[in-house]
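Inspection log for the structure reproduced underneath, given as structure tokens.
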Amino acid sequence: MYNKVIVFEGIDGSGKSFHLNAASNYLKKKKIKHIKLREPGGSKNSEKLRKLLLSNKSDFEKKTDLLIYLSARSENFYKIIKPNLKKKVILIDRFVDSTIAYQHYGFGINRNIINSLNRFILGNFKVDFTFLHIVKKKDIRKKIKTKKNRYDKFNKNFYLKAQNGFLKLSNKKKNYLKIYSDETKDRNKQIIQKKFNSLIKIK
Ligand code: TYD
């Protein structure tokens, strides 16, 4: 069994969490051992940091924000990802690309600093595959209206910048698959399952 780390990325409301859960159910059905993680969040300590970050009352400076996201990632990496590498399939809701898309392309934080911090925590670790969920420009406002965390206050332009960032990161890379949220959920589920079949050799 070839175990991989597979990430679901995309802006808020893009359907990434729905499809991660659907993929997890698919693996369960196939009796494939796997772990589900989310960022920010995941391990016990990371969930505490998630509460801090996403509370409506929080108003951290953007550099503080970055460091908390990275602190949460560090907890996940050392406590969950590393010990399970090559043992189980690991599914993650957001990872390094979210930090580049939101903190660099969205908030303008220097990219080299973000890259160095990620390298400091993760060393040479790289995820195996990323499903990137894309929302049509005209649908962005509609999708984020349904969200309740503090990111509600960001405008459509912020999300456009973040999504363009995700697209740049995936550009010309073989280990990304774009999932378009204007397709039906069932169709996208099929596309994702097919990719899983080849990624982790499911018969
Ligand atoms: P998300 O899991 O989508 O929260 P929810 O499902 O409750 O809406 O992500 C929370 C927010 O965190 C999201 O707006 C993106 C942001 N985020 C960053 O800005 N940088 C990061 O590195 C990560 C992991 C998330």
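Every number in this text was worked out from the coordinates using simple rules, so none of it is lab data. Model, not experiment: these values are computed from the prediction. Positions of Cβ are generated from backbone atoms using ideal geometry, with glycine treated the same way; all protein chains shown enter the neighbour counts.
Going through the stretch 1-55, which chymotrypsin sites (Phe, Trp or Tyr not before Pro) have at most 11 other Cβ atoms within 10 Å and a DSSP loop state? Answer by residue number: 2. Computed over the chain, relative contact order equals 34 percent, with contacts defined as Cα pairs under 8 Å that lie 6+ residues apart.
What is the sum of charges, Lys and Arg at +1 and Asp and Glu at -1, for the other residues whose Cβ falls under 14 Å from the Cβ of residue 113? Every neighbour counted, the sum reads +3.
Mean-square fluctuations from a GNM of the chain, with a 10 angstrom spring cutoff on Cα atoms, peak among 168, 138, 156 at 138.
From least to most packed, judged by other beta carbons within 10 angstrom and beginning with the fewest, 19, 34 follow the order 34, 19. For the options 184, 99, 64, a Gaussian network treatment of the chain with springs between C-alpha atoms closer than 10 Å singles out 184 as fluctuating the most. Which pairs break 24 Å Cα to Cα here: 30/136; 33/79; 33/172; 44/189; 57/82? Over 24 Å apart, Cα to Cα: 30/136; 33/172; 44/189; 57/82. The chymotrypsin sites (Phe, Trp or Tyr not before Pro) of the stretch 32-122 that DSSP puts in a loop, and whose beta carbon has at most 14 other beta carbons within 10 Å, are 60. Hydrophobic long helices, here whole DSSP H runs in the chain with Kyte-Doolittle means of at least 1.0 and Cα atoms spread over 27 Å or more along the helix axis, are not found. Helical runs assigned H by DSSP (4 residues or longer) give the chain a calculated mean residue ellipticity at 222 nm of -13500 deg cm²/dmol, each run adding -39500 (n - 2.57) before division by the residue total.
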